[in-house]
1. Where the second residue is open to solvent by less than 70 Å² (accessible area, probe 1.4 Å) and not hydrophobic (A, V, I, L, M, F, W, C) and the first is touching a residue at least 12 places away in the same chain (Cβ under 8 Å) and lies in the range 44-56, which pairs have Cβ atoms under 6 Å and are six or more apart or on separate chains?
2. Specify the residue that is farthest from L9 (Cα to Cα); the eligible residues are those in the range 26-56 that are open to solvent by less than 80 Å² (accessible area, probe 1.4 Å) and part of a loop (DSSP other than H, G, I, E, B).
3. Which of the residues spanning the range 57-67 are in contact with a helix residue (DSSP H, G or I) (Cβ under 6 Å, 6 or more places away or on another chain) and open to solvent by 30 Å² or more (accessible area, probe 1.4 Å)?
4. Anything in the range 30-49 that is modelled with pLDDT of 95 or more and under 19 Å from E70 (Cβ atoms)? List them, or say none.
5. Mind checking which pairs have a first residue in the range 1-22 that is more than 17 Å from L62 (Cβ to Cβ) and a second that is surrounded by 12 or more Cβ atoms within 10 Å (Cβ to Cβ) and modelled with pLDDT of 65 or more, Cβ under 8 Å, 6 or more apart or different chains?
Amino acid sequence: MKRQRKVNLVFSRRLVALRQASGQTRYRLAKLAGISPQYVSKLEEGLSQPSWLVIQKLAVALEIDVTSFE
């Protein structure tokens, strides 16, 4: 569980940084990625683990390569 939480926090910090660098709000990112704003919030707070499909959708919405999340 602790390892999972650490992975979530690493992803969440990276997602926040990438979203802010793109100038998008959580709401706008959610709309472009086809997910709910609440889910974006959970991802950014490290409360949820995204599926590979969601990571791909976020990358497309942010106009980045999925490897940017590493």
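1. The qualifying pairs are E44/S12; G46/N8; G46/S12; Q49/N8.
2. G34
3. Here is the first cut: in the range 57-67, the residues in contact with a helix residue (DSSP H, G or I) (Cβ under 6 Å, 6 or more places away or on another chain) are 57-59, 61-62, 66.
Within the range 57-67, K57, V66 meet the criteria.
4. Once the filter is applied, which keeps residues that are modelled with pLDDT of 95 or more and under 19 Å from E70 (Cβ atoms), the range 30-49 yields A33, L43, E44.
5. What qualifies is Q4/Q49; R5/G46; V7/Q49; N8/G46; N8/L47; N8/S48; N8/Q49; L9/G46.
The values are calculated or read from the model by the stated rules, or taken from the named source; none is laboratory data. Here the structure is a predicted model, which is why all the values come from computation and not from measurement. FYI the Cβ positions are ideal-geometry reconstructions off the backbone, even for glycines, and counts take in every protein chain you see. Note: accessible area is taken over every heavy atom of the protein model, side chains too, but ligands, DNA and RNA are not part of it. Shrake-Rupley method; radii C 1.70, N 1.55, O 1.52, S 1.80 Å.
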